[in-house]
Amino acid sequence: MDEMEEELKCPVCGSFFREPIILPCTHNICLACARNILVQTPDAESPQSSRASGSGVSDYDYLDLDKMSLYSEADSGYGSYGGFVSAPTTPCQKSPNGVRVFPPSVPQPPPQQQQQQQQQHLLLHPGSLPPIPRNSCITCPQCHRSLILDERGLRGFAKNRVLEGVVDRYQQSKAAALKCQLCEKSPKEATVMCEQCDVFYCDPCRLRCHPPRGPLAKHRLVPPAQGRISRRASPRKTSTCTEHELENLSMYCVQCKMPVCYQCLEEGKHGTHEVKALGAMWKLHKGQLSQALTGLSDRATEAKEFLVQLRNMVQHIQPLPVVLQENGVEFEACLVAQCDALIDALNRRKAQLLSRVNKEHEHKLKVVRDQISHCTVKLRQTTGLMEYCLEVIKENDPSGFLQISDALIRRVHMTEGQWGKGTLTPRMTSDFDLTLDSGPLLQTIHQLDFVQMKVPAAPMLQLEECCTQNNSATLSWKQPPLSTIAVDGYILELDDGNMGLFREVYVGTETICTVDGLHFNSMYKSRVKAFNASGVGQYSKTLIMQTSEIAWFTFDPASAHPDIILSNDNLTVSCNSYDDRVVMGNSAFSRGVHYWEMTVDRYDNHPDPAFGIARADVLKDVMLGKDDKAWAMYVDNNRSWFMHNNSHTNRTDGGIGKGATIGILLDFTRRILIFLINDEQQGPVAFEALEGVYYPAISLNRNVQITLHTGLPIPDFYTTGEADPTGSEC
């Protein structure tokens, strides 16, 4: 539990919390410390008017505006809090534990005099706080938000009884002897405890602060051990509302995230807010805090393992002679032999190179040690927060717990977030990848330097970024973590999609590449390797990627004739010329079985559009099939013909009109092309012995408008073997 101690100390006095109160920013502070850092503003002037007029603000304040933030409810992100408003900033000092503290702007009496005044007030008014000057403000010593106190003064802040209980248990577990709570410097051992005042006294403080006369004569003084037992056994006081001191806290306002009483709901600002039962919210927030601690505990475990890894790296890095022995005696022998064989100039250069190695060695040690120190501090803070939260969960006071649960849950999530990506990754490796090149001539001795000794490691394919789309494959890779070897470029290889030999498809410095023009419905193997001046490294693991079984494509505006008009995301095509013009699809086929359809949106004056496939270099200003680069069926309103290289064959009755559907089936397995009109095969198999790369294509004039439909399954008549291989020829 030692790591938890910092969570239990006041940011002002640096000691364990005594009567802690919760500020609106959810930070805690001792009640006495809160009184000590109060700042009194001029009467009848607000902080804003004082600042505007220039009164009440020292020159120091204006000079330090760029160093200290001025906070208010409006800019702090917190909602209204019972009449608190922003206050002017004042010069700050450091508390015993290093946190900035804003001291009073009005002269304060010496600490001893302050304590005597407080004791006198307690004697005259037991159980009450000394009066607070008007227009007092307080600045949080941790986040530096400043707040004006209303007429309730410090009573407007809720007491953190849960934190107070955790402090008591911690102190009882750490020290068997109870200490006096009123000693100014080093506390003496307590001799008695007053059950009514709930304070431990040593003999001098008891005589000075608790005389056996007047109202205090009826107080019961007991031994410290008995007092500790009675304090732990006594039931906790029922929490009362800060707005209505006679009412107990019984509900929880979900919107304001604070316990409230029934009078707050009937008369106060919480009347229209959503409220829930105090006990139910207590259990809910305990569960949320426990769940948040689970994730933080995992980060703490990872941090401990990471520290072991870093300390092992230190053992490998230091001392330098051990590195030379462990990483290879040949390195030192070769270095000394080469340097001794050269002239005096080489000896001077040798000293310079060894100095560089030492600097690299010291740099590695410093980086790893700094990371160890940083991680150790973060782990200690995390462990302390975890232990504090576990102690808070043990509390049985629902309202007290709910006063601080939201802030604790946020702190746990924020602390877990600080153990983010890269925090538990070594910033330095223990390897010395250096060697000497003794090839240069004597006159170039002053350019002698270390060169890279190793070829690059095998890259790692990033599977989450690798994907296929249609007949394209995108591959992404990276160098292994902690690899410091220079890389000049990468070589990406794919096979032929049929378990054949690999071939290079990309050479360059990029770590992502998209390969187009692959076969549909094929399995491709891919791998990548890196290279530098020392050579080519090992291949990565082989990745197998499946291209799409069904082709999705559109018309290609880049290769279309200028008279072609495309719309509907390049799925609908028309023409502004009376002559036939050709447009092709943006995907090429060379393997598999593919089927697509085209519907006739407009058909005027009985034109004869042509549908089919074509090579990339087909003529674009004549009917499809006029040259030897296209295989097509052209059709009018009564009949159709197949055409290739300006040869007409297989005239078949049956034409098209508006709303007709033309289907094209390309089968590379049987190497044939079949046409359909309105789901019926049109004529026999149109073309056979097809081989190579083909694009879907169509030719039309201004009397026709066609819409393309892709990604369609193979028609049933073809899969059941009912395709008609016969037909008539004109």
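Some values worked out for this structure:
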quantity	calculated
Per-region count, the stretch 519-534, residues open to solvent by 10 Å² or more (accessible area, probe 1.4 Å), under 25 Å from residue 499 (Cβ atoms) and in a loop (DSSP other than H, G, I, E, B)	2
Of all residues in the stretch 364-401 being part of a helix (DSSP H, G or I), acidic (Asp, Glu) and in contact with a helix residue (DSSP H, G or I) (Cβ under 6 Å, 6 or more places away or on another chain), the one that is least open to solvent (accessible area, probe 1.4 Å)	391
Contacts under 6 angstrom Cβ, first residue in the stretch 698-711 being farther than 19 Å from residue 577 by Cβ, partner assigned to a strand (DSSP E or B) and of a type outside the set (D, E, K, R), 6 or more apart	707/572; 707/599; 708/598; 710/596
Checklist (1) farther than 19 Å from residue 655 by Cα; (2) surrounded by fewer than 22 Cβ atoms within 10 Å (Cβ to Cβ) applied to residue 582, failing item	(2)
Odd one out for residue 544 among (1) touching a residue at least 24 places away in the same chain (Cβ under 8 Å); (2) outside any loop (DSSP other than H, G, I, E, B)	(1)
Single condition residue 179 does not satisfy, out of (1) modelled with pLDDT of 85 or more; (2) touching a Pro at 6+ places or on another chain (Cβ under 8 Å)	(1)
Residue selected from the stretch 641-686 under the condition among the hydrophobic types (A, V, I, L, M, F, W, C) and over 58 Å from the mean Cα position of the chain (by Cα), by the criterion nearest to residue 719 (Cα to Cα)	685
Test result for residue 598, of a type in the set (A, V, I, L, M), touching a Gly at 6+ places or on another chain (Cβ under 9 Å) and either within 19 Å of residue 556 (Cβ to Cβ) or assigned to a loop (DSSP other than H, G, I, E, B) (or both)	yes
Flag if residue 659 is part of a loop (DSSP other than H, G, I, E, B), out of contact with any Asp or Glu (no Cβ under 9 Å at 6 or more places or on another chain) and surrounded by fewer than 20 Cβ atoms within 10 Å (Cβ to Cβ)	no
Residue in the stretch 545-559 that is more than 43 Å from the chain's Cα centre (by Cα) and either open to solvent by 50 Å² or more (accessible area, probe 1.4 Å) or modelled with pLDDT under 95 (or both) present	yes
Hey, residue 272 open to solvent by 40 Å² or more (accessible area, probe 1.4 Å), assigned to a loop (DSSP other than H, G, I, E, B) and either touching a His at 6+ places or on another chain (Cβ under 9 Å) or modelled with pLDDT of 75 or more (or both) or not	yes
Within the stretch 567-579, considering residues that are buried (at least 17 other Cβ atoms within 10 Å of the Cβ) and assigned to a strand (DSSP E or B), the one nearest to the chain's Cα centre (by Cα)	572
Residue in the stretch 5-64 that is nearest to residue 405 (Cα to Cα), counting only those that are in a loop (DSSP other than H, G, I, E, B), at pLDDT 85 or above and of a type in the set (A, V, I, L, M)	23
Count - residues of the stretch 666-724 that are open to solvent by 10 Å² or more (accessible area, probe 1.4 Å) and assigned to a loop (DSSP other than H, G, I, E, B)	29
Count - residues of the stretch 485-513 that are within 22 Å of residue 533 (Cα to Cα), in a loop (DSSP other than H, G, I, E, B) and open to solvent by 90 Å² or more (accessible area, probe 1.4 Å)	2
Selection status of residue 344, exposed (fewer than 14 other Cβ atoms within 10 Å of the Cβ) and modelled with pLDDT of 85 or more	no
For residue 648: the one exception among (1) modelled with pLDDT under 95; (2) open to solvent by less than 50 Å² (accessible area, probe 1.4 Å); (3) outside any loop (DSSP other than H, G, I, E, B)	(2)
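The values are calculated or read from the model by the stated rules, or taken from the named source; none is laboratory data. Bear in mind the structure is a predicted one, so any value in this text is a computation, not a measurement. So basically every Cβ, Gly included, is an ideal-geometry build from the backbone, and we count neighbours across all protein chains shown. We work out accessible area using only protein heavy atoms, side chains counted, and drop any ligands, DNA or RNA first. Shrake-Rupley method; radii C 1.70, N 1.55, O 1.52, S 1.80 Å.
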